């Protein structure tokens, strides 16, 4: 089944389930207010007006119900999956919703209006009603009428090898929604012969798989489908990629196939931008006094400027001036080449544990990463992020001997990163450093950022991330 069809089906199910949970909530009160039922269970009878006093809970229940079920994987399973695949997500979802309603009633001091027994009834009734809905759907979808209505007949077109692969994929993943009516050998047969198959099998779609050498034939097949009013589905895997994820977009009406290795624009990215903006602003306010004290100590103990500025490679390698508290002597760069033999990091990066150029106060600042605090200004300016690969000097980036290492530049550099929280003082191989950066990029989520930020706090205070 196509993704858009699955998305639409999921939305319909979510709307239906929201209505089912709303009905279950009302039924729980109807049962609890029933005198005969309450007497049978030896419970105190509650007034019929109690439901009207907590009807405001619908504003939380209706939108929350499908979201909770989705978080438990209830909608990601196949339509006619095994009952066990439905049982546990549904059970956990109903339990979470029941506990959530109990907590809301407790917070708003409505526990007397709606006793906990009502919430127990709600959990049981909602589980039973959603289960019943799923069982009815299972019966309907297996009926002959539903198969004739919803099962789509398709033709697979491509090379013999591709036809075998796609047929297996359809049988394994979409056997309930797709039926392969015929096959069409694209390299050997003229696309015009496809018309006969379209007429003979009355299909609703043609699944086309082809390499770039067959683009002319693919175009002819698509044009035939366009004329016949039949959907053409082009399997766009004719370019071999190892990391990049393909997605479809358009530019000024022209369709685009986008290959992306970085996180795409999303609500999570918007949250990350907001975290960077407000987080850096709040941290600057909180750190204003400590930063002033550090600046005075640097000024009073060592000659030279308070801040150190250096060209670093930012997003996509664009250079920017990074700000740090100065921790070295003012002529440190002039003596860097003399310390090359002491470099403890493999690759183009220069790292020395007991660097003789570091000042006495600089050692303390580096130990607790306090020299990095001025980079909050870089974050506020949009040049860096709170979390991301650490920015390297421009000259070190130019010495990358593996082009794949430049992929760490595909996101904004950060104040902290996986390499930092996993103990950068223990990592001496630049390839391992890059591996951690790429692991962060490939698995990025706002939750990963939050986890790294949380882990940064003990790493800073224990000085395990310092070097």
Worksheet item: Listed highest first by mean packing, meaning other Cβ atoms within 10 Å per residue, what order do 410-417, 448-455 come in?
Response: 410-417, 448-455
Fill in: Sites residue 103 and residue 395, calculated FRET efficiency, Cβ-Cβ separation with R0 60 Å, nearest 0.05
0.60
Discussion item. What distance in nm separates the two pseudo spin-label positions at residue 243 and residue 301, each 7 Å out from Cα along the beta-carbon direction?
Written reply: 4.0
Practice prompt. Kindly state, to the nearest 0.05, the FRET efficiency for residue 88 paired with residue 222, given R0 = 45 Å and r defined as their beta-carbon distance.
Written response: 0.55
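If I stretch the segment between residue 27 and residue 292 completely, what's the gain in nm (0.36 nm per residue apart, minus their alpha carbon distance), one decimal?
Answer, rounded to one decimal: 89.1 nm.
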Practice prompt. Please report the relative contact order for the stretch 151-238, taking Cα pairs under 8 Å with a sequence separation of at least 6, and give it as a percent rounded to a whole number.
Written response: 35
Practice prompt. Determine, from the Cβ-Cβ distance of residue 403 and residue 256 and an R0 of 25 Å, the FRET efficiency 1/(1 + (r/R0)^6), rounded to the nearest 0.05.
Written response: 0.55
Worksheet item: Once fully extended, how much extra length lies between residue 448 and residue 171, figured as 0.36 nm per residue of separation less the alpha-carbon to alpha-carbon distance?
Response: 96.1 nm
Practice prompt. Please work out whether the stretch 151-238 counts as rounded, prolate or oblate from its C-alpha gyration tensor, where a ≥ b ≥ c are the square roots of the eigenvalues and a/c under 1.5 means rounded, while otherwise a/b larger than b/c means prolate and anything else oblate?
Written response: oblate
Response to the item:
Counted neighbours (other Cβ, 10 Å), sorted fewest up, put 447, 433, 26 in the order 447, 26, 433
Worksheet entry | Shape category assigned to the stretch 267-461 from the gyration tensor of Cα positions, a/c cut at 1.5 | oblate
Item to complete: Starting with the highest mean, order 375-388, 293-306, 10-23 by the number of other Cβ atoms within 10 Å, averaged over the residues of each peptide.
Response: 375-388, 10-23, 293-306
Practice prompt. For the stretch 170-245 and the stretch 295-329, write down the distance between their C-alpha centroids in whole Å.
Written response: 59
Worksheet item: Label points 7 Å out from Cα along the Cβ direction at residue 132 and residue 76: separation in nm?
Response: 3.0
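Since every read-out is calculated from the coordinates, none of them should be taken as a lab result. Every value quoted in this text rests on a predicted model; they were computed, and no experiment measured them. Every residue, glycine as well, gets a Cβ built from its backbone with ideal geometry; the counts of neighbours run over all protein chains shown.
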